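Report on the following structure.
The values are calculated or read from the model by the stated rules, or taken from the named source; none is laboratory data. Just so it is clear, the model here is predicted, and its values are computed rather than measured. Cβ atoms come from the backbone with ideal geometry, glycine included; neighbour counts cover every protein chain shown. We work out accessible area using only protein heavy atoms, side chains counted, and drop any ligands, DNA or RNA first. Shrake-Rupley method; radii C 1.70, N 1.55, O 1.52, S 1.80 Å.
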Amino acid sequence: MSPPEFTETFRQDFQTLLEWRRDVRRFRRDPVPPETLDRLLHLADLAPSVGNSQPWRLVLVESAEARAKIVEIFEAENEAAARTYTDEQAGRYRQLKLSGLKEAPVHLAVFSDENPQQGHGLGRATMHETLAYSTVSMIHTFWLAARSEDIGVGWVSILDPERVTEILQVDDGWRLVAYLCVGFPEEDNIVPELERTGWQSRSPLETRLFRR
Ligand SMILES: Cc1cc2nc3c(=O)[nH]c(=O)nc-3n(C[C@H](O)[C@H](O)[C@H](O)COP(=O)(O)O)c2cc1C
């Protein structure tokens, strides 16, 4: 197969995709068509991975009971997090909407297999965490693919990973990397929500770029 030639129009569209990808917490309740979700998962499955190990393990959390328990865990951990702030900042924290767990039509728990057979261990001997990094690259691929189809993704990390693992009854060797809410966003925005609420703005790249 001959390789593709990406056009300037594609590059501009890709830039637009990156600029308009958002972490979404406000979802419409209408379902994501199953064939769309299936397509997005197959696209995300094209992500790079250490030793070609594809360590991501994906759990679609469909049971109402499991979802309700996840919401409970989030609420407890979010309250604990709120208590780590004081005064005015605590008040501002409590005003933030930090998950769309109750509204999102799709809950996707993403685990990373800590010892996959696939890949024969290549590349991870000195940096075991490359397995989790591979899983994060899958998540980001999913995030972008979803946005390209007007579907929003929200990453929820305010959870106790051990309890989530227990509730979902997955293999002991799987480590929770992300709990994702997926669905059609209530609105699109070019500015991150944390920036719009005044919690935290982005800083210029130059403050993070070093030369040696
Ligand atoms: C590893 C990771 C964990 C995150 N956890 C949460 C979370 O628990 N709740 C939340 O509202 N946003 C969470 N986010 C979203 C970030 O707040 C968001 O990416 C950031 O504010 C920039 O906004 P943007 O993604 O819209 O550009 C998480 C993002 C990442 C990458």
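The phi torsions of the stretch 4-20, fed into the Karplus equation with coefficients 6.51, -1.76 and 1.60 and a -60° offset, translate into couplings of x, 10, 7, 8, 4, 4, 4, 4, 5, 5, 5, 4, 4, 4, 5, 5, 9 Hz, rounded to whole numbers, with Gly and Pro shown as x. Across the chain, C-alpha contacts under 8 Å between residues 6 or more apart give a mean separation that, scaled by the residue count, equals a relative contact order of 35 percent. Considering only GluC sites (Glu not before Pro) in DSSP loops that have at most 16 other Cβ atoms within 10 Å, the longest stretch of the chain without any of them is 6-61. Placing +1 on each Lys and Arg Cβ and -1 on each Asp and Glu Cβ, with no other charges, gives the stretch 25-185 a dipole about its Cα centre of roughly 480 debye.
Note on the chain: Cα Rg divided by 2.2 N^0.38 Å, N the number of residues, gives 1.10. Taking the charge dipole of the stretch 25-185 about its Cα centre, with +1 at Lys and Arg Cβ atoms and -1 at Asp and Glu Cβ atoms, the residue from P33, M127, S49 reaching farthest to the positive side is P33. The portion of the accessible surface of the stretch 55-149 made up by carbon and sulfur, rounded to a whole percent, is 52 (1.4 Å probe; DNA, RNA and ligands excluded). Between the residues V59, V177, S157, the greatest Cα displacement towards the positive end of the dipole of the stretch 25-185, with unit charges on the Cβ of Lys, Arg, Asp and Glu, is found for S157. Heavy-atom accessible area, probed at 1.4 angstrom with all protein chains present, ranks S112, S63, S157 as S157, S63, S112, highest first. Solvent-accessible surface of the chain, taken per residue with a 1.4 Å probe and all protein chains present: 61 Å². Beta-bridge orientation, the chain: approximately 95 percent antiparallel, per DSSP, counting only bridges with both partners inside. Per-residue Karplus couplings for the stretch 94-107, computed as 6.51 cos²θ - 1.76 cosθ + 1.60 with θ equal to phi - 60°, are listed in order as 5, 7, 6, 9, 10, 6, x, 4, 6, 9, 4, x, 10, 10 Hz, Gly and Pro entered as x. Taking all protein chains together and a 1.4 Å probe, the residues I167, I151 rank I167, I151 from largest to smallest accessible area. Positive end of the dipole of the chain (Cβ unit charges, origin at the Cα centre): among T207, S137, G100, the Cα lying farthest that way belongs to T207.
Scalar couplings 3J(HN,Hα) for the stretch 57-68, obtained by applying the Karplus form with A = 6.51, B = -1.76, C = 1.60 to θ = phi - 60°, are 10, 10, 10, 7, 8, 9, 6, 4, 5, 5, 4, 4 Hz; x denotes Gly and Pro. Of the residues M138, M1, the one with the largest accessible area comes first in the ranking M1, M138, computed with a 1.4 Å probe on protein heavy atoms.
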